[in-house]
Amino acid sequence: MLSMRVGIPTEVKPDESRVALTPAGVTAFHAAGHEVVVQAGAGLGSALPDGAYERAGATVVSTAAAVWERADLVLKVKEPMEVELGLMRPDQVLPICIWPPRCLSPSNCSSAELSPSPTRRCN
């Protein structure tokens with residue numbers, strides 16, 4: 001079985017205190033043979049201390065750069081911010097969620113962006 005390294009950086013978007021993966025999620029990834037790397041403090045806004053991630057099997061690292069450097073799959077709550085774009089690698093997977101009401105409003109997206117496309121972006 002191929003294993004991957006999953007990375008959980010601290011969210012940097014203003015007013016975002018959620019974390020993309022709980023310690024229970026770490027346990028599930030670990031049980032499936034994958035490694036998880038979590039940035040120190042990533043879960044604090046959700047009342048999930050670093051120790052809970054370590055007990056679940058994650059490696060806690062001190063910086064976002066260390067997470068992005070090591071991870072094959074990066075999980076985030078929100079889209080990457082400008083400061084994170086330089087940390088991304090072409091071979092990484094970063095699943096994102098599109099907020100349809102924003103993307104379907106003509107005032108927020110151009111007509112080209114409203115057409116079906118896997119690379120559609122909103123303002």
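Here are some notes:
Yes/no per residue for (1) open to solvent by less than 80 Å² (accessible area, probe 1.4 Å); (2) farther than 16 Å from residue 17 by Cβ; (3) of a type in the set (S, T, N, Q):
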| position | (1), (2), (3) |
| --- | --- |
| 49 | yes, no, no |
| 54 | no, yes, no |
| 72 | yes, yes, no |
| 89 | yes, yes, no |
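- In region 74-86, the qualifying residues are those that are more than 20 Å from residue 45 (Cβ to Cβ) and either acidic (Asp, Glu) or assigned to a loop (DSSP other than H, G, I, E, B) (or both), and the one that is least open to solvent (accessible area, probe 1.4 Å) is 86.
- Enumeration of residues in region 13-30 that are assigned to a loop (DSSP other than H, G, I, E, B) and either open to solvent by 70 Å² or more (accessible area, probe 1.4 Å) or free of Cβ contacts under 8 Å to residues at least 60 places away in the same chain (or both): 14, 15, 17, 18, 19, 20, 21, 22
- Members of region 29-58 that are among the hydrophobic types (A, V, I, L, M, F, W, C) and closer than 24 Å to residue 80 by Cβ: 29, 36, 37, 38, 40, 42, 44, 48, 58
- Sole residue being open to solvent by less than 50 Å² (accessible area, probe 1.4 Å) and in a strand (DSSP E or B), chosen from 33, 7: 7
- Only one of 77, 83 that is touching a helix residue (DSSP H, G or I) at 6+ places or on another chain (Cβ under 9 Å) and at pLDDT below 95: 83
The values are calculated or read from the model by the stated rules, or taken from the named source; none is laboratory data. On a predicted model such as this, the values are computed, not experimentally measured, just so you know. Cβ sites come from the backbone with ideal geometry, for glycine too, and all protein chains shown count toward neighbours. Heavy atoms of the whole protein, side chains included, go into the accessibility calculation; ligands, DNA and RNA do not. Shrake-Rupley method; radii C 1.70, N 1.55, O 1.52, S 1.80 Å.
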